[in-house]
Amino acid sequence: MICAGIETTAHTFGVGICDENGNILANVRDTYKPKAGWGIVPMQARKHHEDVAESVMGQALSEAGISERDIDALAVSQGPGLPPCLYAGMNYSAELSAKLKKPLMGVNHCVAHIEIGRLMTKLKDPVTLYVSGANTQIIAYTAGRYRIFGETQDIGIGNALDKFGRAAGLQFPHGPKIEELAAKGRWTGMPYVVKGMDLSFSGIVTEAAKKLNSGEPLNDVCFSLQESMFSMVTEVIERALAHTGKSEVLLTGGVAANKRLQEMIGIMCSERGAKSAAVPLEYSGDNGAMIAWTGILAHKNGQKPLGSEPEVLPRWRTDESEIPWMQR
Ligand code: AMP
Ligand code: MG
């Protein structure tokens, strides 16, 4: 069975193609870039996605060496995400599904980040740190679903980095740039905000910008910002491990690419006798392959395809999806 997955929840239009054994046959994307100093303008992102859809699909099919007619099922990121962006993907996928007369599976974007992570790292039942632009969640499977053990109460860690990056006038993408600058910095203090199992980053960004404006070296602010935010998530993951008794940690989402974050979680895990692994870069940010693979899992496990007028689910939470394939 060959599934084509379409991802459009935010800045990326991605098409991935995979088979039921988890072989990724293609993974192509085109990312909308806001003008300097701006965040995503949702309607512009939607237009970007509509404009590139045909060509990205064409590239994915040729990378996979198949034609449209070889596709057995389609999958789409149904949510969560920015509504205009979600509509771009849903409209495109629903049309293609009707044209090819193939089922269209609705996939939860956050679940897809976890599933591509499990596929790539071979971790079986991890506590997952899902750290992307908009999301920061500590997730683990129990009783039929991926449950959220802790999450941000305001912005995601990626958005926190991006907001600070914009305030500091750094070039886009801000996360990798801050990582590079932080490598030359030292600790000068930063707030640390863990509330029970939840996290808050927006005040830390304000403080980081204030420190910069008061003349602190940029490298030091970047280092302290990373150290504080990454320690906060590491603390919550450790408590989730202790509570669930699990012994694996999966890092996924765009921020999972950060080497210092990987190192901090690696140290905590080795001290507990647990294992940690990060999703390879190509699959850590938003991509179509993760949607295709999760679409296969959903299809194989009896999830019903979307109907003829599918809705998008902008606020669909990770713990609102049934995960029958994890039951044993
Ligand atoms: P996603 O929403 O999953 O595509 O992830 C995008 C986010 O990942 C953006 O906020 C980026 O700034 C962030 N990001 C990408 N690479 C890194 C990195 N090396 N360190 C920290 N953040 C990163
Ligand atoms: Mg994402």
Summed residue charge, Cβ within 14 Å of Gln44's Cβ, Lys/Arg positive, Asp/Glu negative: +1
For the chain, calculated [θ]222 nm from helices alone, where every DSSP H run of n ≥ 4 adds -39500 (n - 2.57): -14000 deg cm²/dmol
Most mobile of Asn159, Asn301, Asn135 in a GNM of the chain (Cα contacts under 10 Å): Asn301
Sites Glu271 and Asp125 - FRET efficiency at Förster radius 22 Å, r taken between beta-carbons, to 0.05: 0.60
DSSP bridge orientation in the chain - percent antiparallel, rounded to nearest 5: 60 percent
Over 27 Å [Cα-Cα, segment 16-167], rounded percent: 32 percent
Mean Cβ count within 10 Å, highest first, over the residues of peptides 93-104, 7-18: 7-18, 93-104
Amide H contacts under 5 Å for Ile155, placed H, 5+ residues apart: Phe201, Ser202
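Which length gain, in nm to one decimal place, applies between Phe172 and Thr206 when the Cα-Cα distance is subtracted from 0.36 nm times their residue separation?
Gain on stretching Phe172 to Thr206: 10.3 nm.
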Estimated inter-spin distance, Asp154 and Ser231, nm [label 7 Å along Cα→Cβ]: 1.9 nm
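Sum up the charges of everything whose Cβ sits under 9 Å from the Cβ of Pro126, counting Lys and Arg as +1 and Asp and Glu as -1, but leave Pro126 out.
Residues close to Pro126 contribute a combined charge of +2.
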Apportionment of accessible area to carbon and sulfur, the chain, percent (1.4 Å): 50 percent
28 Å Cα-Cα reach of Lys195 towards lysines, excluding residues that sit fewer than 8 places from it in its own chain: Lys163, Lys210, Lys211, Lys246, Lys259, Lys275
Relative packing of peptides 49-55, 290-296 - highest average C-beta neighbours within 10 Å first: 290-296, 49-55
For segment 91-106, 3J(HN,Hα) per residue [Karplus equation, 6.51 cos²θ - 1.76 cosθ + 1.60, θ = phi - 60°, Hz, x = Gly/Pro]: 4, 4, 5, 5, 5, 5, 4, 5, 5, 8, 6, 10, x, 10, 8, x
Where segment 64-195 is the region considered: accessible area per residue in Å², 1.4 Å probe: 38 Å²
Most mobile listed residue (Leu250, Leu281, Leu261) in the chain, GNM with C-alpha springs under 10 Å: Leu281
C-alpha center-to-center spacing [segment 100-118, segment 205-280] in angstrom: 27 Å
Nearby lysines by direct alpha-carbon distance to Lys101 (threshold 27 angstrom, same-chain neighbours under 8 apart not counted): Lys47, Lys300, Lys304
Long-range amide H partners of Phe149 with built H, under 5 Å: Ile138, Ile139, Ala140
Cleavage-rule hits, trypsin sites (Lys or Arg not before Pro), segment 175-224, DSSP coil, Cβ neighbours within 10 Å at most 12: Lys184, Arg186
Karplus-derived 3J(HN,Hα), 6.51/-1.76/1.60, for each residue of segment 57-64, Hz, glycine and proline x: 4, x, 5, 5, 4, 6, 4, 7
Calculated from backbone phi, Karplus (6.51, -1.76, 1.60) coupling profile of segment 156-170 in Hz, x at Gly/Pro: x, 5, x, 5, 4, 4, 5, 5, 5, x, 5, 4, 8, x, 7
Candidates Gly175, Gly158, Gly185, ranked by Gaussian network fluctuation over the chain, Cα under 10 Å, top entry: Gly185
Separation of the Arg315 and Gln59 label points, Cα + 7 Å toward Cβ, nm: 3.5 nm
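The values are calculated or read from the model by the stated rules, or taken from the named source; none is laboratory data. Everything numeric in this text was worked out from a predicted model, so none of it was measured. So basically every Cβ, Gly included, is an ideal-geometry build from the backbone, and we count neighbours across all protein chains shown. Heads up: the accessible areas ignore ligands, DNA and RNA and are worked out on the full protein's heavy atoms, side chains in. Shrake-Rupley method; radii C 1.70, N 1.55, O 1.52, S 1.80 Å.
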